[in-house]
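Data block below; observations after.
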Amino acid sequence: MADVLVEPGVLAPTFWPVDKVCLWFLSGTTVLLALNWSQLPEAPWLLGVHVLSAMLIVLASRDKNPSRQKNAAVWYFRNWYPLPLVSFCYKEMAILIPAVWGRSFDGLLADLDFAIWHANPTVWLERILTPWLTLSLQTIYTLFVPAVLFVPWLLWRKHRYAEFRYCAFLIALGYLVSYVGYLILPARGPRFLIEPLQHYPIDGGWLVEAMRSSLDKMESAHYDCFPSGHAELTIIAWWISRWISPRLGYVYLVYTLCIIFATVYLRYHYTVDLFAAVAVAAVLLAKAPAMYRRLSGGEASIGT
């Protein structure tokens, strides 16, 4: 990381790398809104959120060297706004994708899975279904967002702000790239397409049902399978966690392996979603340092 990050105190470029990535994504989805305007009753307010978000990013970027002491509101906004923004963009995908495609590609992904394994993985895994394993894996799956955000939060708490900003850039980039995948190949998952082929339901008691129904309500009718954001982002979180301590890195490695397995066991993902997620995460982790330097305009980080 030494070749990416610089010591605090360097004058910031106008836009941070994460700003540019977010603005590019907002621009792209604004084009999609325009192209599908007549099919989207929500288009006016979605466009309003796009414009407001872009304006806030541009206005905040005018303070080239924000600090908590100088302007706390700008300081916290600039560092943390990607979190609500990528959440909004995720919810927007549920509205945009049906208008852009009007269909899903679950059949294609299921066929690819069957071609690889000569079976439907979610059906095959019924042989190890147990309530305690279901409860354990559903809890791990449900804790995905807190687990990913815990890593940048630890960097923030340790005042490692340069690393925090690079971490925020990587996580935001990972989320937004996965959304591009959803737009290219939308799918809802085996729990919808393959459900008629399953012999046994996912049963882990009332707590599992509460977690599953809560996630369904928060996520809406999403087409968010390919690539698996759960797998991709936990791999990124594991990679970053090693900066904090080797012990935390081992914990996140175990968590990552568990959540990858959970996505198929719980029937949220096809295995090809996981292969794509591993490939995307590997490419991002390999290319992100050079991209970060380039988007920083010659400076690799922002001063505190």
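Filtering segment 203-215 to residues that are out of contact with any helix residue (DSSP H, G or I) (no Cβ under 6 Å at 6 or more places or on another chain) and either buried (at least 18 other Cβ atoms within 10 Å of the Cβ) or within 15 Å of I140 (Cα to Cα) (or both) leaves L207, E209, A210, R212, S214, L215. Of the residues making up segment 197-212, those that are over 20 Å from the mean Cα position of the chain (by Cα) and either aromatic (F, W, Y) or not in a loop (DSSP other than H, G, I, E, B) (or both) number 7. Residues in segment 223-238 that are acidic (D, E) and assigned to a helix (DSSP H, G or I): E232 alone.
Listed here are the helices (runs of 4 or more DSSP H) enclosed by segment 7-108 that have at least 3 residues being of a type outside the set (S, T, Y) and modelled with pLDDT of 95 or more: 17-35, 43-61, 82-100.
Residue pairs whose Cβ atoms lie under 8 Å apart, separated by 6 or more positions or on different chains, with the first residue in segment 76-89 and closer than 12 Å to Y175 by Cβ and the second in a helix (DSSP H, G or I) and among the polar types (S, T, N, Q), are L85/S53; F88/S53; C89/T29.
The values are calculated or read from the model by the stated rules, or taken from the named source; none is laboratory data. Please read these numbers as outputs of a predicted model, since none were measured by experiment. Using ideal geometry, Cβ is built from the backbone for each residue, glycine included, and neighbour counts are taken over all protein chains shown.
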